[in-house]
Structures are given as structure tokens and as C-alpha cells.
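Laboratory data are not the source of any read-out in this text; all were calculated from the coordinates shown. Note that the coordinates shown come from a computational prediction; the quantities given were computed from them, not determined experimentally. Don't worry about glycine lacking a Cβ; one is built from the backbone with ideal geometry, like all the others, and counts go over all protein chains shown.
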Amino acid sequence: MVIGSILKVKGDTVITVRPEDSILDVARTLTTHRIGAALVRDAAGRLRGIISERDIVRGMAGHGPGTTGLPASQFMTRELVTVRRETLVTEALALMTQRRVRHLPVLDGAGALHGLVSIGDLVKARIEAAEQEAEALKDYVVSAG
């Protein structure tokens with residue numbers, strides 16, 4: 001199974017924030033959409049990073065009171081770990097484990113954004129695939145018996 005198959009079901013809508021958005025605005029965006037991270041895009045639409053709940057918590061721990069008024073650019077992760085539509089789900093899971101990330105932007109060869117997958121998306125896909133395989137094996141055994 002590849003990342004593209006997850007995006008076909010999940011869709012390619014990606015919630016983004018701007019580098020100048022306050023941490024409070026970012027937290028509200030994450031809460032409203034019930035997501036753990038948002039991509040950061042500048043006014044021209046260029047991808048600048050990702051900001052997650054984890055980034056916000058670390059920022060608050062480091063900066064203390066007043067953190068909520070600081071810009072997302074101050075806490076976002078700038079070095080993105082990305083995948084392509086044709087990346088295998090197992091490869092993406094390994095990448096997440098190695099790089100200790102929970103979200104992967106999906107880009108094409110030219111760097112255009114096609115979606116965002118989370119570790120939850122990938123685990124769900126793996127469970128569904130395992131269930132389908134188990135059902136197929138069960139059907140095979142019953143029909144052969």
C-alpha cells in the first residue's frame with residue numbers, strides 16, 4: 001500500500017497557518033480542526049515548516065508566560081521530513097520512527113504539496129490491510145476445506 005491510496009480516502013485538504021500567526025491562533029486552529037499539526041506557509045504559498053502541539057509545548061516550556069503572543073515561525077520545525085504519493089506506507093512508518101515525527105507532508109517531484117499524513121492515518125491503513133488479508137485467508141481456508 002502506498003501513501004497515495006491513503007490520500008484517496010482521506011483527501012488532500014491540508015490545514016495551514018502563516019509564520020506570523022500567534023501561537024494562540026495556531027492552538028485555536030489545531031483545536032478547531034481537531035488536528036495535531038499544521039503546515040506553515042508564507043503569503044506566497046511556499047511551505048516554510050510545520051508546527052505541532054509538541055512544538056507549542058516545548059516553546060511554552062522554554063519561553064514561559066507570554067508565549068501565546070509569539071509568532072509560529074519562532075516555534076515551527078523548519079526541516080521537513082516528507083514523502084511522495086508512491087512511498088510505501090511501511091517506508092513512511094519507518095521514516096517516522098527514525099526521525100521521531102508524527103506528520104509527513106506529501107510532495108511531488110517538483111515540491112508541490114499534495115497532502116499530509118499522520119501516524120494515525122498510517123496505522124489505520126496498516127490495520128485495515130491486515131484485516132483484509134486475514135479475511136481473504138479465512139475465505140481461502142473455508143473454500144479449500
| Neighbourhood charge, 14 Å Cβ-Cβ cut-off, centred on Leu70 and excluding it, Lys, Arg +1 and Asp, Glu -1 | -2
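Per DSSP H run of at least 4 residues, take -39500 (n - 2.57); add these up for the chain, divide by its residues and hand me the 222 nm value, nearest 500 deg cm²/dmol. Walk me through the intermediate numbers first.
Working: 5 runs with 67 residues, N = 145.
Value at 222 nm, helices only: -15000 deg cm²/dmol.
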| query | What range in the chain is the longest one free of GluC sites (Glu not before Pro) that are in a loop by DSSP and have at most 12 other Cβ atoms within 10 angstrom? | reply | 87-145
| request: With a length cut of 30 Å (Cα positions projected on each helix's long axis) and a Kyte-Doolittle mean of at least -1.0, go through the chain and give me the DSSP H helices that pass. | output: 119-144
| query | When percent of Cα pairs over 28 Å apart is calculated directly from the model, which label among (i) 41; (ii) 28; (iii) 22 fits? | reply | (ii)
| request: Rank the residues His63, His103 as a footprinting-exposure proxy: fewest other Cβ atoms within 10 Å of their Cβ go first. | output: His63, His103
| task | Identify, among Ala72, Val106, Val17, the residue whose Cα sits farthest towards the positive end of the charge dipole of the stretch 3-144, taking +1 on the Cβ of Lys and Arg and -1 on the Cβ of Asp and Glu, with the dipole about the Cα centre. | result | Ala72
| What list of ³J(HN,Hα) values in whole Hz, one per residue of the stretch 68-80 in order, does the Karplus curve 6.51 cos²θ - 1.76 cosθ + 1.60 (θ = phi - 60°) give from phi, with Gly and Pro shown as x? | 5, x, 6, x, 4, 4, 6, 10, 5, 8, 8, 8, 7
